[in-house]
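Please treat every number below as a calculation from the coordinates, not as lab data. None of the values given here were measured: they were computed from a predicted structure. In this analysis, Cβ positions are derived from the backbone assuming ideal geometry, glycine residues included, and neighbour counts consider all displayed protein chains.
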Amino acid sequence: MSNINKKLAQDLTWCVNHDSLTGLPNRTVMRERIVSALQRARRNKSGVAVLLIDVDGFKFINDTHGQDAGDMVLKMIAGRLHGQILLGEAVARSGDNEFILLCEQVEQAAKMAILAKNINAMLHQPIDVAGLALLVTVSVGIAIDQDGTHSADDMLRHADTAMRVSKEQGPGGWQFFCAQVHEQSQMQIMIAHGLRTAIARDELSPRFQPIVVAESGRIVGAELLLRWHPPEGPVSPALFIPIAEMTGAIVEIGAWVFRQACLAEADWRRRWGVAAPYVSVNVSTRQLNNESLVDVFAAILCETGADPARLLLEITETTLMSDVETNIRILHSLANLGLRVAIDDFGTGYSSLAQLTRLPVSVLKIDKAFIDGIDRNPESRAVIRAVIGLGRALGLKMVAEGVESSDQQSELCAYGCDLIQGYYFHNPLEEKTFVDTVEREIQKGVTSSVEPLHFLIYISTAVEPMSQAALDALLKQSRLYNRPAGITGCLIYQDGYFMQMLEGKREVVSKLMNKVKNDPRHTDIRTIVEGKAPRRVFVDWSMELRDLVPGPNEPDFNDWQSRTISLPELAEDARTCYTYMMAYMHAGIVH
Ligand SMILES: Cc1cc2nc3c(=O)[nH]c(=O)nc-3n(C[C@H](O)[C@H](O)[C@H](O)COP(=O)(O)O)c2cc1C
């Protein structure tokens with residue numbers, strides 16, 4: 001063979017065995033290496049591990065930054081993996097965004113977990129792609145053979161299964177293949193299989209969870225929730241929906257769900273006219289990505305005669321933000337059909353606020369995670385208040401999810417939330433029960449169920465001048481009591497006078513006032529105004545110490561000042577007092 005031919009043959013062999021982009025061996029070569037490693041291990045009675053390394057969100061990198069960027073990322077990862085391998089290890093590229101690492105002489109499984117962690121740590125250094133610093137994570141599935149019973153294909157399959165389980169738990173993780181993982185994957189296969197025929201076998205059914213007016217509890221809408229009951233027994237939606245998403249079955253199931261929603265809307269409108277509740281339906285990422293979604297929904301609307309304006313599509317914030325440009329386009333097409341759109345689980349998905357204004361959205365659903373702490377936790381309250389403020393500014397309706405107590409209801413009303421949904425009012429109901437419930441409500445009429453918020457402002461005279469330390473102690477003591485009691489407010493101390501605003505449930509505020517009235521630190525306590533408050537002014541407990549010496553940021557009033565108005569003078573007019581208190585909150589100077 002001539003030298004040229006020899007070189008050509010070598011090049012050809014190299015190409016057959018290697019991945020041209022990264023220069024790493026390919027899957028076929030790696031499979032052979034695993035076969036040999038397993039044979040050696042059987043002879044030496046040692047262990048072998050196969051790590052399947054899958055780049056998280058690779059499609060997103062390709063879609064957002066272009067394929068060249070994606071290629072660059074793969075090359076960098078290949079380089080870093082190759083640079084890290086030790087004697088007895090080998091690395092290969094096995095698919096689009098997958099690498100395989102083979103380790104021999106494995107004595108302890110725990111070392112493989114450390115290796116998996118190190119791989120992610122190594123990727124923590126940003127990858128520079130055309131001036132962009134990309135942060136990449138990988139999900140790692142680990143299969144180990146310690147008794148010489150597995151084939152190379154078993155190892156690759158097990159590592160792949162473990163990697164998928166790891167991915168489901170979030171990016172940047174690792175997972176061993178074990179009996180549990182095996183069981184889980186078998187169950188997933190069974191569920192995926194069952195779902196394919198669930199519609200044909202009539203195993204799906206809708207439930208309707210009422211959505212009510214925050215203040216009165218009157219039903220104005222319903223979220224359609226899906227239930228699946230195959231002959232072996234019901235399967236939780238938390239289990240089957242992600243699998244339906246993964247396999248794509250959600251596209252057909254989603255269309256079925258939308259049809260049920262349309263049928264319900266048309267039926268309810270026939271029964272109750274414009275007073276009929278609207279219907280909310282969940283739409284998943286996979287459905288949104290399906291080209292024919294708009295046509296399918298249009299056909300179902302036409303066939304069922306449903307009013308699109310009374311149907312609300314719920315799309316999670318994470319789904320929306322995963323590919324904003326495409327989703328904006330699709331949502332506009334859906335909105336053009338007359339459908340309305342809600343952002344579901346709002347507050348959990350890092351929305352870009354600028355993008356929010358570009359989406360044809362009319363409702364924000366505040367995630368249960370924030371509702372849980374609202375009656376106890378000032379941070380949750382601050383978030384709710386900010387989200388409601390944002391929603392109002394954008395002209396959106398707000399729905400709070402997962403409301404489970406009357407205290408949570410009161411708080412949400414106090415911050416101006418429009419609608420709520422949760423076990424405190426209703427469980428998800430079968431359609432007949434839902435219809436009966438609405439029917440009963442219409443006949444009985446609904447009266448307000450929420451206790452209105454009470455507020456009170458008083459003024460008093462300090463018995464002796466309060467030092468900063470004494471005021472700090474008072475603030476600490478007040479916080480301790482007021483937070484769990486659901487009282488918010490503000491205490492101002494100025495020039496020997498106190499002015500205090502308290503907000504909360506009527507009986508709780510009255511109980512506190514009785515204690516405060518007996519406090520020897522002040523006297524001449526006079527209530528300026530009290531009554532029902534439409535909204536809570538303060539998020540938490542706060543206090544302001546005002547001395548009349550000009551502060552560094554205060555304008556020069558000397559030429560203008562004829563006299564200074566004291567707190568008692570301010571207290572002559574209840575409205576001015578209220579405005580003065582509000583000003584503290586809005587200026588953000590209270591702590
Ligand atoms: C001007 C002023 C305002 C006060 N505000 C509160 C308050 O908002 N919450 C609170 O728990 N105590 C407040 N206190 C303290 C209460 O009067 C009382 O000392 C405290 O509730 C402890 O009462 P106890 O020992 O009976 O539990 C305030 C005291 C003064 C002088």
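Quick notes on this structure:
- Separation between Cα centres of the stretch 172-235 and the stretch 85-149, rounded to whole Å: 34
- Computed magnitude of the charge dipole of the stretch 128-184 (debye, nearest 20; Cβ of K, R +1, Cβ of D, E -1): 220
- Amide N proximity, the stretch 449-476 versus Ser566 label position 7 Å along Cα-to-Cβ, cut-off under 18 Å: 458-467
- Taking the DSSP beta bridges with both ends in the chain, the antiparallel portion is around 65 percent.
- Summarising the label geometry, the points placed 7 Å from Cα in the beta-carbon direction at Arg521 and Asp295 lie 7.3 nm from one another.
- Antiparallel DSSP beta bridges within the stretch 253-383, percent to nearest 5: 0
- Given their separation in residues at 0.36 nm each and the Cα-Cα distance between them, Arg27 and Ser151 gain 43.1 nm when the chain is fully extended.
- Placing +1 on the Cβ of every Lys and Arg and -1 on the Cβ of every Asp and Glu, with no other charges, gives the stretch 160-302 a dipole of roughly 340 debye about its Cα centre.
- The packing ranking, built from the mean of other Cβ atoms within 10 Å per residue, places the peptides 28-35, 299-306 in the order 28-35, 299-306, highest first.
- FRET efficiency estimate (nearest 0.05) - Cβ-Cβ, Met582 to Lys476, R0 30 angstrom: 0.75
- With R₀ set to 22 Å, the beta-carbon distance separating Glu464 from Phe557 gives a calculated FRET efficiency near 0.20.
- Listed by chain and number, the lysines whose alpha-carbon sits under 22 Å from that of Lys365, ignoring those within fewer than 8 places in the same chain, are Lys397.
- Semi-axes of the equivalent ellipsoid for the chain, computed as √(5λ) from the eigenvalues of its C-alpha gyration tensor and ordered from largest down, come to 58, 35, 23 Å.
- Alpha-carbon centroids, the stretch 329-369 and the stretch 377-432: separation in whole Å: 17
- The chain - charge dipole about Cα centre, Lys and Arg +1 at Cβ, Asp and Glu -1, debye rounded to 20: 600
- Think of it as helices only: each DSSP H run of n ≥ 4 in the chain is worth -39500 (n - 2.57), and spread over all residues that comes to -14500 deg cm²/dmol at 222 nm.
- Relative contact order, whole percent, for the chain stands at 9, derived from Cα pairs under 8 Å and 6 or more residues apart.
- Karplus-derived 3J(HN,Hα), 6.51/-1.76/1.60, for each residue of the stretch 559-570, Hz, glycine and proline x: 6, 9, 7, 8, 7, 9, 8, 8, 4, x, 6, 4
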